[in-house]
1. Which is out of contact with any Leu (no Cβ under 6 Å at 6 or more places or on another chain), surrounded by 15 or more Cβ atoms within 10 Å (Cβ to Cβ) and among the aliphatic types (A, V, I, L, M), of 260, 305, 289?
2. Restricting the range 140-163 to residues that are among the polar types (S, T, N, Q) and assigned to a strand (DSSP E or B), which is farthest from residue 57 (Cα to Cα)?
3. Applying the selection to the range 200-216, what residues are over 17 Å from residue 258 (Cα atoms) and in a strand (DSSP E or B)?
4. Can you report the number of residues in the range 201-216 which are in contact with a His (Cβ under 6 Å, 6 or more places away or on another chain) and crowded, with 18+ Cβ neighbours inside 10 Å?
5. Select, from 219, 166, the only residue that is assigned to a loop (DSSP other than H, G, I, E, B), touching a residue at least 60 places away in the same chain (Cβ under 8 Å), within 18 Å of the chain's Cα centre (by Cα) and surrounded by 20 or more Cβ atoms within 10 Å (Cβ to Cβ).
6. Please report, ordered by residue number, the strands (runs of 3 or more DSSP E) entirely within the range 21-139 with at least 3 residues that are under 28 Å from residue 186 (Cα atoms) and among the hydrophobic types (A, V, I, L, M, F, W, C).
7. Restricting to the range 270-286, and then to whatever is more than 23 Å from the chain's Cα centre (by Cα) and surrounded by 14 or more Cβ atoms within 10 Å (Cβ to Cβ), can you tell me which residue is farthest from residue 236 (Cα to Cα)?
8. Quickly run through the range 65-84 and pick out the residues that are over 22 Å from residue 7 (Cβ atoms) and either out of contact with any Lys or Arg (no Cβ under 8 Å at 6 or more places or on another chain) or of a type in the set (A, V, I, L, M, F, W, C) (or both).
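The values are calculated or read from the model by the stated rules, or taken from the named source; none is laboratory data. Predicted, not measured: the structure shown is a model, and the values here were computed from it. Backbone-built Cβ (ideal geometry, glycine too); neighbour counts: all protein chains shown.
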Amino acid sequence: MNEIVSDLLHKVSDITDIPKGAHNLRVDGQSIGRFSTQNITINPLPDGKGLEIRVKPGTKGESIHIPAIISHGGHSEVVYNNFYIGNDCEEILIVAGCGIHNESCDNSQHDGIHAFHVGRNSTVKYVEKHYGGGSGEGGRILNPVTEIYLDEDACLEMDTAQIEGVDSTSRVTKAKLKAGSSLVVQEKIMTSLAQEASTDFVVDLDGKGSKANIVSRSVAKGKSRQVFAATLNGNDQCMGHAECDAIIMDQAVVKAIPALSANHVDASLIHEAAIGKIAGEQIIKLLTLGLTREEAEAQIVNGFLK
């Protein structure tokens, strides 16, 4: 791995060495390292455009790392990763993420389509970071699609972050929840300059006692544009909550689009949205401590996105 690849792997998946446990490291469309364990198998799809990952029933406390890196301009790819988590698995950690380094005038693009089939009574945490770097004028484009299928009493926790430097992203997440299952999402996004980011959640709460909690925090700077959309369909006795909390700066634009559909008398659905600038008293307080205005704003933004 060269310095660029090493730096990107660290930024998007905290990798500083070959990770322990099951992993596949993808660089510029090729696997540079793949490893399966006794309980987790990673195999390439027949067309070579992605992976099939299977976790045996009853597996506990194991991890899977599958970052994807693009280290130059002019590279575009579509990757399909299918996860099959067996019944009664506990504390399965999946670390993904994509980093693009572009020094050219040509666009680089990664479209990652992930499908999660989580078995009965299993718990999974999915961590995904996106980052763009390099001084080239070519775009850094990331379009993740996530499909989630939760069996009875399954739980998936998603922690996603767009760190910085991504010029355009369209994030689509679709989920179907059976009885007793739960989906928890924490999304963090920062945009600047003329960057664009949209997220679109569609969650079908199909089973009795199913729950979904989606929280998005974002900061929009410069002339960037963000759109947050969340559709919750309550099709049985269930609880659903979607929240958008955004800081807007400069000439940026942020839009929140809620859609709640209660199709059962015992469906309980909530949507919250708050969009606004940094409070003046917050800036003044930090200025009195000796910070410049730019430093004060950076402190507030960093704290907001933690």
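1. 305
2. Of the residues in the range 140-163, the ones among the polar types (S, T, N, Q) are 143, 146, 160, 162.
Keeping just the survivors that are assigned to a strand (DSSP E or B) gives 146, 160, 162.
Details: 146: 22, 160: 26, 162: 32 Å.
The residue in question is 162.
3. Narrowing the range 200-216 to residues over 17 Å from residue 258 (Cα atoms): 206-211.
Within the range 200-216, 210, 211 meet the criteria.
4. Taking the range 201-216 first, the residues in contact with a His (Cβ under 6 Å, 6 or more places away or on another chain) are 213.
With crowded, with 18+ Cβ neighbours inside 10 Å added as a condition, the list becomes none.
Residues flagged as in contact with a His (Cβ under 6 Å, 6 or more places away or on another chain) and crowded, with 18+ Cβ neighbours inside 10 Å within the range 201-216 amount to 0.
5. 166
6. Numbers: elements: 22-27, 30-35, 40-44, 50-55, 63-65, 68-70, 76-85, 92-95, 98-101, 108-118, 123-133.
Those strands (runs of 3 or more DSSP E) span 22-27, 50-55, 68-70, 76-85, 92-95, 108-118.
7. 286
8. Listed by number, the residues that qualify are 78, 81, 82, 83.
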